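Reviewing the structure listed below.
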Amino acid sequence: MAASSKRMLSTLLSDLNDTASSKRPIAHTVAIFDAHQTLRTQPSSLADFIGFIHTSLHSSESRLAGIGLLHTLVSQCTTAVFTQHCSTWIRLLLNGLQSHDPPDIIQSAAEVLSEILEYVAGVSELSREIASCHIGNIITWVISSKPLNYLAAVQVLKSCFQYFPAPCGPFKSKAEKFLLHIFQETHHPSILKASCQVFALLPGLGGAGSNGIKHTESWITQCNNIIGTLHNILSQLYQDIETGIEMYNVPETSVPLGEVLDIEPQRTFLLASQFQIMTMCLKYQISQSFSSVVQMPVESILSIVCRTLSINCKILANKTTTEFVLLSGLLPSLHIDAFNVLESHIKCCSSHLIVHGLVINKAILQTLSWTNAEQPCYGQQHPYSSLRSFCYDVLTTWLSTVGAASGIDVHADKLIEFILQDIQLHQDDTKLEVANITESRKKKKKKKTSFEISGQIVGQQKIYQLANSEVTLAALKGLTVLIQVKGTSLKPTLHRDIHTAIVPLLLDIQQNMHKLPIPYSCAKCRQQLYRVILSCMLSPHPRWPPPLHYAIRVFSCGLQDPNIEVSSFCREAQLVCNSIIHPRVPSLCLPLTLADLPPVQSDTTSNQVHKNTEQVVPSMVTLSAMGDMPGKKGEGDPEPLLVHEDVTHAEVQNEYQKTEEASLVTMAIEAEASDDDKEDKDVKDEDSSNCEEEEEEVEENTNKATKRKHNAEEYVKDEPDAKKVMDSYKIPAISCEKEELHMEDEKDGSDTEAMLATFVDASPDSE
């Protein structure tokens with residue numbers, strides 16, 4: 001394997017030399033290196049290849065090829081190779097960044113340099129060397145970079161701040177000024193986003209101090225500065241509109257963003273841009289992990305969100321001045337920025353925001369209320385659709401984070417009403433207008449009525465097939481999470497409304513698969529719609545049945561969906577339905593009824609039936625039929641219910657049938673036994689009459705024996721030896737049955753014993 005890698009490397013290296021001379025692209029060579037991982041060899045085998053890369057980086061003509069090969073080498077080489085040549089690579093890349101190469105080459109070199117700094121941070125000895133020798137030079141180039149290279153400079157600066165925060169401490173103030181300059185001079189979205197991410201890393205630069213106290217203080221100071229700046233911007237935007245500013249706690253400090261000229265429309269546009277930048281900075285600062293423990297200003301952040309959402313387009317509808325018209329046009333983007341901060345705040349604080357759940361719920365409902373489209377247009381995007389979809393995304397995040405503690409069930413009626421409006425099919429209506437044509441009064445004729453059709457045929461209209469699909473998808477996601485979290489606590493009427501809206505909607509979609517209706521031509525919307533009905537089935541209300549039978553039919557038809565993801569989800573949901581309808585084993589959680597219990601057996605035949613049942617099912621486990629703990633069975637108790645550990649529901653029913661058959665056999669045996677008992681009773685009646693006569697005779701004989709015994713006791717008083725024999729002897733019990741007691745006479749004994757024997761022989765038992 002090593003020999004083949006060497007041969008492949010030498011072949012590709014020779015091809016690279018030819019490619020460099022002919023200026024051909026090296027994409028295929030890099031793809032071979034990535035596929036076979038050829039550069040994972042010993043350092044001695046890579047000497048020529050590394051030398052070729054160094055030569056390419058020195059030349060401006062071949063620098064782009066050298067950067068591409070270096071990127072492949074950095075990702076594949078061993079630690080020994082990386083440690084040996086890392087410092088050289090950083091120096092060569094820094095020389096390339098300081099050159100006058102085109103922006104694409106500068107951007108490629110910055111990406112490779114950021115990757116090298118990431119790997120260096122994992123090697124402690126190498127990181128100390130790079131921090132002391134190269135970090136200062138890198139930041140110096142970043143601060144002095146040209147506007148065309150701002151994206152590459154910010155990307156490299158982010159890697160330095162993220163992996164070498166302590167060595168970057170002396171450059172903190174210069175880096176902050178550089179970032180503020182970008183905020184004022186640049187409007188490119190990618191550059192601003194990267195700059196905001198770097199700005200959030202400024203509090204962690206330099207030494208942390210005792211228990212990170214310096215980093216904590218720096219974080220709190222910067223957070224208050226951002227919040228104060230946002231309040232100042234809102235005060236300028238909402239001037240002469242809002243009331244009750246005194247209720248907001250505005251920090252005194254702010255971020256210096258420069259002066260704003262009082263000239264429209266530049267003033268409103270610049271304030272909106274500054275608001276977007278500061279909200280991104282606040283978003284990344286509260287969402288990124290920090291090295292020290294900080295206290296989140298929850299109420300201050302919520303005050304920014306609430307103040308931004310307090311003004312909407314309906315309030316500004318009657319304002320006709322230029323600044324109010326511009327503000328009305330920019331309000332949806334301002335609200336989206338505020339919801340961005342709120343979403344990051346929810347993810348960061350999670351359950352700590354439960355006490356502020358009422359404020360968050362009202363903010364969401366208020367936005368959904370004023371952005372609701374009263375007269376939607378078929379095949380066209382609704383106004384405020386982006387803001388509305390983002391509002392649903394925040395709702396989904398809020399419900400997924402805090403669950404049932406969100407308190408959204410208070411506003412569930414209105415929320416579900418908005419959701420059901422957004423997920424309905426868009427249909428085109430053809431209007432009929434009536435025009436009355438009246439003749440002149442002289443002719444005095446009746447009025448004639450003619451009908452004029454206004455509108456166009458659907459096929460001739462300009463239609464956007466994916467219109468409002470983002471809003472529909474976001475609304476369906478919010479409804480799914482709402483049912484999963486609060487399904488059992490929602491009103492039964494709400495479950496009914498959801499079922500009556502979802503099931504016909506799915507049936508309409510399945511009947512029009514050849515031409516999917518708007519907005520369900522989007523596969524993600526259809527899949528989420530199936531997910532909603534699955535959630536209704538898994539989280540039903542106790543007083544409203546789940547749509548199980550409809551769901552089975554819908555999922556079966558959904559297998560024919562042209563999108564593979566939708567059909568796969570329907571197959572998975574169908575398995576869930578089958579598991580609910582046909583459980584693997586009988587449920588032990590359901591209560592037993594009297595009809596399910598076997599009949600009660602009598603004392604004479606219970607043991608026999610139990611033995612017969614054990615012969616039929618020898619490997620069963622006895623469970624108490626009444627739900628009691630297993631124990632010893634008492635007399636007169638019903639036979640226990642026998643349930644096998646591994647049998648199915650059908651096998652249990654068969655065992656019940658066998659038990660019933662055994663009970664029928666037992667009843668027949670009892671009937672025959674009762675007939676025999678009757679015959680025995682008649683015989684016993686005759687014997688009892690005879691027994692009464694015999695008892696009278698026995699009483700007379702008993703009296704005689706008692707009298708003789710008394711005489712014997714008087715005799716024993718005079719004879720001591722006879723008393724011992726009398727104490728050891730007991731008179732036997734008298735029975736009413738016809739039995740004779742035979743006693744053996746003792747051969748050896750005295751005269752007293754012989755006399756006692758005569759007394760015993762004279763008793764009725766001896767007869």
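The values are calculated or read from the model by the stated rules, or taken from the named source; none is laboratory data. Nothing here was measured: the structure is a model prediction, and the numbers come from that model. Cβ placement follows ideal geometry from the backbone for every residue including glycine, while neighbour counts extend to all protein chains displayed. For accessibility, only protein heavy atoms count, side chains too; no ligands or nucleic acids. Shrake-Rupley method; radii C 1.70, N 1.55, O 1.52, S 1.80 Å.
Taking only the alpha carbons of segment 449-576, what extent do you get along each of the three principal axes, in Å, biggest first?
Here the Cα extents, ordered largest to smallest, are 56, 39, 25 Å.
Sort the following peptides by mean Cβ neighbour count (other Cβ atoms within 10 Å, averaged over residues), highest first: 364-373, 145-154, 468-477, 572-581.
468-477, 145-154, 364-373, 572-581
Give the calculated FRET efficiency between ALA317 and ALA404 to the nearest 0.05, with a Förster radius of 41 Å applied to their Cβ-Cβ distance.
Approximately 0.60, to the nearest 0.05.
What number comes out for the charge environment of ALA109, summing +1 per Lys or Arg and -1 per Asp or Glu over other residues with Cβ under 13 Å away?
Around ALA109, the charge tally is -2.
Could you tell me the relative contact order of segment 288-426? Use alpha-carbon pairs under 8 Å, at least six residues apart, and round to a whole percent.
Relative contact order for segment 288-426 comes out at 27 percent.
Once you keep just the Cα pairs under 8 angstrom separated by 6 or more residues, what percentage relative contact order results for segment 182-272?
Once divided by the residue count of segment 182-272, the mean separation gives 25 percent.
Measuring from label point to label point, each 7 Å out along Cα→Cβ, what is the SER350 to TYR378 span in nm?
The answer from the label model is 4.8 nm.
At 7 Å along Cα-to-Cβ for each site, give me the label-to-label distance between GLU417 and CYS133 in nm.
Calculated label separation equals 7.1 nm.
How much length is gained on full extension from ARG543 to SER333, taking 0.36 nm per residue of separation minus their Cα-Cα distance?
Roughly 71.3 nm would be gained on extension.
Taking R0 as 51 Å, what's the FRET efficiency between GLU185 and ASP34 from their Cβ-Cβ distance, rounded to 0.05?
0.85
For segment 100-114, take each phi angle, set θ = phi - 60°, evaluate the Karplus expression 6.51 cos²θ - 1.76 cosθ + 1.60, and give the result in whole Hz per residue in order, putting x for glycine and proline.
Each residue's phi maps through the Karplus curve to give 9, 6, x, x, 5, 5, 4, 5, 5, 5, 5, 5, 5, 5, 5 Hz.
Rounded to the nearest 0.05, what FRET efficiency do ASN249 and SER173 have when you use their Cβ-Cβ distance and R0 = 30 Å?
Efficiency at R0 = 30 Å is approximately 0.60.
Near GLN288, within a Cβ-to-Cβ distance under 12 Å, what is the net charge of the other residues, with Lys and Arg +1 and Asp and Glu -1?
Taking every other residue near GLN288 into account, the sum is +3.
Excluding VAL255 itself, what net charge comes from residues whose Cβ is under 15 Å from its Cβ, given Lys and Arg +1 and Asp and Glu -1?
Residues near VAL255 contribute 0 overall.
Please compute the modelled spin-label separation between LYS193 and MET296, points set 7 Å along Cα→Cβ, answer in nm with one decimal.
2.3 nm
Determine the gain in length on full extension of the stretch LYS491-LYS462; use 0.36 nm per residue of separation and subtract their C-alpha separation, reporting nm with one decimal.
6.3 nm
Give, in nm to one decimal, the length gained when the segment between SER124 and TRP370 is fully stretched (0.36 nm per residue of separation minus the Cα-Cα distance).
82.9 nm
Any idea what the alpha-carbon Rg over 2.2 N^0.38 Å comes to for segment 290-367?
This ratio for segment 290-367 stands at 1.30.
Using a 10 Å cut-off on Cβ atoms, rank the peptides 167-180, 122-135 from the highest mean neighbour count down.
167-180, 122-135
Peptides 389-397, 416-424: what's the order by average Cβ count within 10 Å, highest mean first?
Packing order, densest peptide first, comes out as 389-397, 416-424.
Ignoring any ligand, DNA or RNA, what whole percent of the accessible area of segment 201-249 comes from carbon and sulfur when the probe is 1.4 angstrom?
It is 47 percent, rounded to a whole number.
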